[in-house]
Amino acid sequence: MKLMMYQIDAFAERVFEGNPAAVCPLQTWLPAATLQAIAGENNLSETAYFVPEANGFRLRWFTPAVEVDLCGHATLASAFVLYEHLGYAQPEIRFFTRSGVLTAAKAANGFSMVFPASMPVACATPPALTAALGKAPRQTLAASNYVAVYDSEEEIRALTPDFGKFHALDLHGVVVTAPGRNVDFVSRFFAPKFGVNEDPVTGSAHCQLTPYWAERLGRTVLKAKQLSRRGGSLTCELQGKQVVLIGSAVHYMTAEITIPV
């Protein structure tokens, strides 16, 4: 069986920036083991698959190791493929996912996506978290991930985590964040338990960061930058119980893959 696959750099203004995601449009679902095998072969932080449904598309995301509940950059990449490569012409895309209905649309400076907000709650800092990060945060919060808050962008850049020690933590991953010099806040994201030591740009993490920084700064529209090696920027807006993420994307590759049937 031959399938088309697109590789898109999401939250990027040019290739080799942002977070690369593979997108495989399907007409019907393949076995989950096959979807996972393709994602492992791609060895990107996420491979997205979608299948048409009434009034939208069923969307799923796979890291090289597991299927996940939410992925922002691969949702952006999927919207880019639909609008720019597959001729989708409606003003909004509805994606049906394990995290509910997500929407995406073209925006003046890229694409806007609506995700559920998740306000992290203050908690004690697990000793394993400090051991993994190499430096204790000023404050620790928790939602689906730990959120470790530091005082400066320089501290975030300087962290050299021990990725093996993240496996002792009970939550999915760890977001580290601090005020930014030229943006409202900066972050990095680590998820070794999901097969991704450091993710280049993580939309789902900003579903937790946006309500935290909106409350801390007293503003609902925020500029953010993720300080990975590739780096990426996005605009975040808190709208009640939802987070709107806006970012751009660029096409890197179109490929045809062959899989056994």
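On a 0 to 90° scale, report how tilted helix 72-84 is relative to the longest principal axis of the chain, with both axes built from alpha carbons and the result rounded to the nearest 10. Helix 72-84 and the main axis of the chain meet at about 30 degrees. Every Cα-Cα pair of region 121-240 was included, and the share exceeding 27 Å stands at 9 percent. Helix 203-217 and the longest principal axis of the Cα set of the chain meet at an angle near 40°. Based on DSSP H segments of at least four residues, each scored -39500 (n - 2.57), the chain has a per-residue ellipticity at 222 nm of -6000 deg cm²/dmol.
Once the gyration tensor of the Cα atoms in region 12-119 is diagonalised, the equivalent ellipsoid follows with semi-axes of 20, 17, 14 Å, ordered largest first. Of all DSSP beta bridges in the chain, what percent run antiparallel (nearest 5)? The antiparallel fraction comes to roughly 80 percent. The residues 193, 223, when put in order of fewest to most other Cβ atoms within 10 Å, stand as 223, 193. Taking the longest Cα principal axis of the chain as reference, the axis of helix 32-42 is set at about 70 degrees. Size estimate for the chain follows the Kirkwood approach: the inverse of mean 1/r over distinct Cα pairs works out to 18.4 Å. How big is the antiparallel share of DSSP beta bridges in region 121-240, given as a percent to the nearest 5? Taking every DSSP beta bridge with both residues in region 121-240, the antiparallel ones total about 75 percent. Counting every other Cβ atom within 10 Å of each residue's Cβ, 46, 237, 53 order from fewest to most as 53, 237, 46. Taking the fewest neighbouring Cβ atoms within 10 Å as the starting point, the ordered list for 213, 61 is 213, 61.
All of the numbers you see were taken from the coordinates with simple rules; none came from a lab. Please read all numbers here as calculations on a predicted model, not as lab measurements. In this analysis, Cβ positions are derived from the backbone assuming ideal geometry, glycine residues included, and neighbour counts consider all displayed protein chains.
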